[in-house]
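Enquirer: Have a look at this one.
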């Protein structure tokens, strides 16, 4: 099997996440894509994050109509800071030897990989799939290879889709009372309204 992995805070999950996951699934012929909400994202320790119960439920609602998308709570169940290398190792232990993992990230994230925990081990556990983000260029791969040898050999670069949607922008729109139609799946928009999420986060 070829398993895609899309991790994130998902605060909230939005249509951009779904479009990128579907593009990766289609282009790489992935068996399924796992959506993995972060428990305690170590890169966002200074930001207030919605309770995990809300973030998990929004992912569940968002992917309900996608038969090849699946929710995984591996990071939440593990507890502690969410490090990608630990997540991939945990997933790898659950798979058959011939199964492959494809970790979906953004072009903007590629340049940060040398500063992640155990990047050399991470690229041995999975392929990296880089999706474009508006306003960002792909990092210089030869330079990255000097910091993480072999990184470019494990990287698959997608050229679409370019999706200009951000969770920060959605939270700010909700806080200002602006509509988010077309930015998140309708069940997610309804959930946000029902539970009064993001009403006080206009500054985030």
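Enquirer: Scan region 131-159 residue by residue and report those that are part of a helix (DSSP H, G or I) and in contact with a helix residue (DSSP H, G or I) (Cβ under 6 Å, 6 or more places away or on another chain). So that I can check it myself, show each step before the final result.
Expert: Kept after step one, since they are part of a helix (DSSP H, G or I), are these residues of region 131-159: 141-147, 152-154.
Of everything in region 131-159, those that are part of a helix (DSSP H, G or I) and in contact with a helix residue (DSSP H, G or I) (Cβ under 6 Å, 6 or more places away or on another chain) turn out to be 141, 145, 147, 152, 154.
Enquirer: Something else now. How about region 1-45: which of its residues are modelled with pLDDT under 95, farther than 15 Å from residue 105 by Cβ and assigned to a loop (DSSP other than H, G, I, E, B)?
Expert: Matches in region 1-45: 39, 45.
Enquirer: Just give me the residues in region 87-123 being without any contact (Cβ under 8 Å) to a residue 12 or more places away in the chain and more than 22 Å from residue 29 (Cβ to Cβ), in sequence order.
Expert: 93, 112, 115
Enquirer: For region 4-14, which positions are surrounded by fewer than 21 Cβ atoms within 10 Å (Cβ to Cβ) and either within 19 Å of residue 127 (Cβ to Cβ) or out of contact with any strand residue (DSSP E or B) (no Cβ under 6 Å at 6 or more places or on another chain) (or both)? I'd like the intermediate steps shown before the answer.
Expert: Start the filter on region 4-14 by keeping residues that are surrounded by fewer than 21 Cβ atoms within 10 Å (Cβ to Cβ), which leaves 8-9.
Once the filter is applied, which keeps residues that are surrounded by fewer than 21 Cβ atoms within 10 Å (Cβ to Cβ) and either within 19 Å of residue 127 (Cβ to Cβ) or out of contact with any strand residue (DSSP E or B) (no Cβ under 6 Å at 6 or more places or on another chain) (or both), region 4-14 yields only 8.
Enquirer: Of all residues in region 113-138, which are in contact with a strand residue (DSSP E or B) (Cβ under 9 Å, 6 or more places away or on another chain) and under 25 Å from residue 162 (Cα atoms)?
Expert: 113, 123, 126, 127, 128, 129, 130, 131, 132, 133, 136, 138
Enquirer: Among the residues of region 95-114, are any on the phi > 0 side of the Ramachandran plot and surrounded by fewer than 19 Cβ atoms within 10 Å (Cβ to Cβ)?
Expert: Narrowing region 95-114 to residues on the phi > 0 side of the Ramachandran plot: none.
No, region 95-114 contains no residue that is on the phi > 0 side of the Ramachandran plot and surrounded by fewer than 19 Cβ atoms within 10 Å (Cβ to Cβ).
Enquirer: Do you know which residues across region 174-186 are within 22 Å of residue 20 (Cα to Cα), at pLDDT 95 or above and outside any loop (DSSP other than H, G, I, E, B)?
Expert: Across region 174-186, the qualifying residues are 184, 186.
The values are calculated or read from the model by the stated rules, or taken from the named source; none is laboratory data. All of these numbers come straight from a predicted model, not from anything done at the bench. Every residue, glycine as well, gets a Cβ built from its backbone with ideal geometry; the counts of neighbours run over all protein chains shown.
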